[in-house]
Each structure stands twice: as C-alpha cells, then as structure tokens.
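A.B. asks: Take this structure, written in structure tokens, and hold onto it; I'll ask about it next.
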C-alpha cells in the first residue's frame with residue numbers, strides 16, 4: 001500500500017538529456033527528462049537496495065510455491081495456506097514493488113492515470129490478502145492445537161480451499177470501492193500528480209480495519225491462546241514424566257544391576273512448522289517390554305538426571321514454540337503497524353505536519369518487506385521446506 005507521493009512539490013521537469021548536474025540544490029541531478037531530487041550516491045543505493053528486496057521477494061515466494069506442489073511430503077492441505085500466502089506475496093513482488101521502486105526513486109509517477117489506479121488496486125488487494133492469509137494460518141494452527149483429533153478430520157481439502165477463497169474474496173471487497181467512486185482522487189492527472197490511495201475518511205477506516213486492525217486483533221488473541229496451550233501441554237507432559245520417574249513409583253527390569261527405560265518418541269516436525277505432531281505422552285512402555293533405547297543406573301542420581309533431562313527437553317520445546325510465535329507476530333507488527341498508523345492518522349489530523357518523503361518511503365517499504373520475510377519465517381522452522389528448497393536449487397546442476 002502507498003500513502004502519498006514521495007515528493008509532491010518538486011519543481012518542473014528539466015530539459016531532456018542524460019546529463020548529470022550534481023551542483024543542484026540538495027545534490028540532485030537530471031536523468032533523461034526527469035529531475036531526481038537526491039544525490040547520485042543515494043540514487044544508486046536506492047536502486048540496488050529496492051531491486052534486491054524485489055528480487056529476493058520474488059525468488060523466496062516462488063521457491064515456497066514450487067516446494068508445496070513439487071515435494072511430496074509438503075503436498076498436504078494445511079500447506080495450501082502457506083502457498084496462498086506465497087502467491088499473495090509473489091504478486092506484490094511482481095506487480096507492486098517494481099512500480100513502487102520507480103516511484104520512490106524518481107519521486108514522480110510517470111506511468112499515467114490508468115496504471116496508477118491499477119497499481120493502487122493491486123497493491124491493496126495483495127497486501128490485504130497477505131495479511132489475511134497470515135490470519136488464516138493462525139486460525140488453522142489454533143484449531144489444530146486446541147482440537148487436534150476432531151480438526152484433523154474436519155481439515156479437508158474443500159474446507160481449506162473455502163477458507164482461502166474467503167481470504168481473497170474479502171481482499172477484493174476491500175480493494176475495489178475506490179474504483180467505483182469511494183475516493184477523493186483528482187480528475188486531472190499530470191506527471192506532478194501524486195499516485196496515492198484515497199484519503200476519503202470513510203474508506204480509510206473501512207480498509208484499515210478490514211486489512212489490518214481486525215486481523216491484528218484476531219492474530220494476537222489466537223497466538224496468545226496457541227502459546228498458552230503449548231506451554232500448558234508441555235508442562236503437563238514434563239510433570240507426568242517426572243511422576244512416572246519418581247523413586248517411589250518407578251519399576252525397573254533388573255538386568256545385571258541396570259534398569260531399562262524407554263525414551264519418549266520424538267515428535268516429527270509438522271508440515272507447516274508449528275502444528276502439533278503426534279503426542280508422545282505414551283512413550284513410556286509398559287514394564288520395559290519393548291527394546292529400550294536408554295539404560296539408566298539403578299540409583300537416585302541416574303533417575304534424577306533423567307528427570308532433569310526430560311524437563312530440559314520440554315522447556316526447550318516451549319522456548320522454541322514461544323520464539324517462533326514471537327517472530328511471526330513481531331515481524332507482522334513491526335512491518336505493518338507504522339504504515340497503518342500513518343495511513344489512519346494523516347487524513348484525520350489536518351494540523352499534523354506530514355512526515356518527510358524519506359520517512360514515508362521507509363514506512364511504505366517496511367510493509368513491503370513483510371512479503372520478503374514471510375517465506376523465510378514460515379519455512380526456516382520447517383525441515384521439509386528446507387529440504388524441498390535445497391532439492392529445487394540443486395536440480396539445475398544435475
């Protein structure tokens with residue numbers, strides 16, 4: 001999404017030519033028939049940085065989509081949410097970021113009225129879809145953790161596709177009204193006219209609530225509940241293991257003064273990195289009947305070591321889950337909250353001094369960067385995605 005032109009009060013365009021004039025005020029120069037209001041070094045740095053963000057976003061999300069549909073272990077319904085998120089972010093990278101980079105660097109919209117409105121509409125559509133897909137992923141994870149057995153049966157392909165369809169339908173409903181008159185756009189459009197979303201107050205409230213504030217509230221509540229559920233389950237599990245290993249209750253099969261104990265079966269990481277796997281609460285085998293993986297001395301110190309080790313593993317899982325949830329929510333808030341605060345405040349606060357063009361550009365691109373971070377965040381904690389991407393990257397060399 002975009003708030004306003006980076007430079008609304010620039011001087012008239014310079015004569016055509018590729019000459020550089022760094023003696024201008026502020027160190028600007030002329031490129032073709034455009035007067036660039038920034039030093040050459042800042043221009044080059046902006047081109048390199050924004051191009052890198054765009055390419056990284058395209059490549060990262062394309063790899064996620066290819067992984068879901070080409071790597072068999074990832075072809076499961078819950079990963080359709082990840083694929084839908086990647087499609088939204090890829091669309092941002094292909095249709096929004098290149099024009100946004102040109103607008104940011106040149107300081108003027110040179111692509112005309114119709115492309116401006118198309119760009120703004122696609123921008124709102126895809127950024128909203130990206131945010132709502134994050135919300136759908138949080139909702140799916142909450143159901144998977146809070147009602148694991150029943151939801152495993154309810155999570156059908158049709159149900160997931162309907163949820164994804166609703167995400168995109170809501171995004172369309174939010175992005176289209178300005179095209180049908182809910183706007184304050186100027187009828188005349190010139191090179192110095194800013195290409196910016198409408199500041200019509202009713203639409204600003206409608207779009208910001210639907211695109212950000214409502215999803216933010218839902219995600220915050222769901223992630224808190226997910227974290228509490230994970231923490232409660234892990235603590236109960238650690239407590240049960242400790243009780244089983246209590247000196248007064250534990251029973252051993254004596255084999256040459258050694259007692260046998262079966263270590264809990266590790267939980268296989270779920271396909272999307274956060275879903276709960278098969279519970280390992282029943283990992284302690286009755287009477288040591290199965291072949292054991294761990295032998296313990298028949299003394300207090302050995303048993304206490306196992307208790308401490310079990311608690312340490314559970315606490316480690318709890319910390320990893322909390323860290324993952326914190327990164328997901330933290331990245332979303334850090335990237336998008338500044339933009340939506342600016343988006344809502346400026347139309348309603350006529351006495352507020354507008355931010356500088358550089359600050360506006362930074363806030364806008366901070367939101368776009370979330371589309372580059374999503375494939376990293378949602379695949380970094382998942383070994384299947386890491387393997388799939390490594391396999392895709394190795395394929396051309398074979």
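The values are calculated or read from the model by the stated rules, or taken from the named source; none is laboratory data. Note that the coordinates shown come from a computational prediction; the quantities given were computed from them, not determined experimentally. Cβ placement follows ideal geometry from the backbone for every residue including glycine, while neighbour counts extend to all protein chains displayed.
A.B. asks: Being modelled with pLDDT of 95 or more and either under 21 Å from the mean Cα position of the chain (by Cα) or not in a helix (DSSP H, G or I) (or both) is the filter here, so list the residues in the stretch 37-59 that pass it.
C.D. replies: Of everything in the stretch 37-59, those that are modelled with pLDDT of 95 or more and either under 21 Å from the mean Cα position of the chain (by Cα) or not in a helix (DSSP H, G or I) (or both) turn out to be 49, 50, 51, 52, 53, 54, 55, 56, 57, 58, 59.
A.B. asks: If I filter the stretch 231-241 for residues that are within 28 Å of residue 341 (Cα to Cα) and either in contact with a helix residue (DSSP H, G or I) (Cβ under 8 Å, 6 or more places away or on another chain) or buried (at least 18 other Cβ atoms within 10 Å of the Cβ) (or both), do I get at least one hit?
C.D. replies: Looking for residues that are within 28 Å of residue 341 (Cα to Cα) and either in contact with a helix residue (DSSP H, G or I) (Cβ under 8 Å, 6 or more places away or on another chain) or buried (at least 18 other Cβ atoms within 10 Å of the Cβ) (or both), one finds none in the stretch 231-241, hence no.
A.B. asks: Can you spot a residue in the stretch 117-124 that is at pLDDT below 95, farther than 16 Å from residue 329 by Cα, out of contact with any helix residue (DSSP H, G or I) (no Cβ under 9 Å at 6 or more places or on another chain) and in a helix (DSSP H, G or I)?
C.D. replies: no
A.B. asks: Right, something else. For the stretch 99-116, give me each residue that is closer than 20 Å to residue 359 by Cβ, outside any helix (DSSP H, G or I) and out of contact with any helix residue (DSSP H, G or I) (no Cβ under 9 Å at 6 or more places or on another chain).
C.D. replies: Result: 108, single match.
A.B. asks: Say whether the condition of being in contact (Cβ under 8 Å) with a residue 24 or more places away in the chain and either in contact with a helix residue (DSSP H, G or I) (Cβ under 7 Å, 6 or more places away or on another chain) or part of a helix (DSSP H, G or I) (or both) is met by at least one residue in the stretch 147-154. Break it down into steps so the answer makes sense when it comes.
C.D. replies: Applying the first criterion (in contact (Cβ under 8 Å) with a residue 24 or more places away in the chain) to the stretch 147-154 yields 148.
Those still in the list that are either in contact with a helix residue (DSSP H, G or I) (Cβ under 7 Å, 6 or more places away or on another chain) or part of a helix (DSSP H, G or I) (or both) too: 148.
Yes, the stretch 147-154 contains at least one residue that is in contact (Cβ under 8 Å) with a residue 24 or more places away in the chain and either in contact with a helix residue (DSSP H, G or I) (Cβ under 7 Å, 6 or more places away or on another chain) or part of a helix (DSSP H, G or I) (or both).
A.B. asks: Looking at residue 355, is it assigned to a loop (DSSP other than H, G, I, E, B), more than 22 Å from residue 214 (Cα to Cα) and modelled with pLDDT under 75?
C.D. replies: For residue 355, the condition - assigned to a loop (DSSP other than H, G, I, E, B), more than 22 Å from residue 214 (Cα to Cα) and modelled with pLDDT under 75 - is not met.
A.B. asks: Can you find even one residue in the stretch 181-200 that is surrounded by fewer than 18 Cβ atoms within 10 Å (Cβ to Cβ) and part of a helix (DSSP H, G or I)?
C.D. replies: No, every residue in the stretch 181-200 fails to be surrounded by fewer than 18 Cβ atoms within 10 Å (Cβ to Cβ) and part of a helix (DSSP H, G or I).
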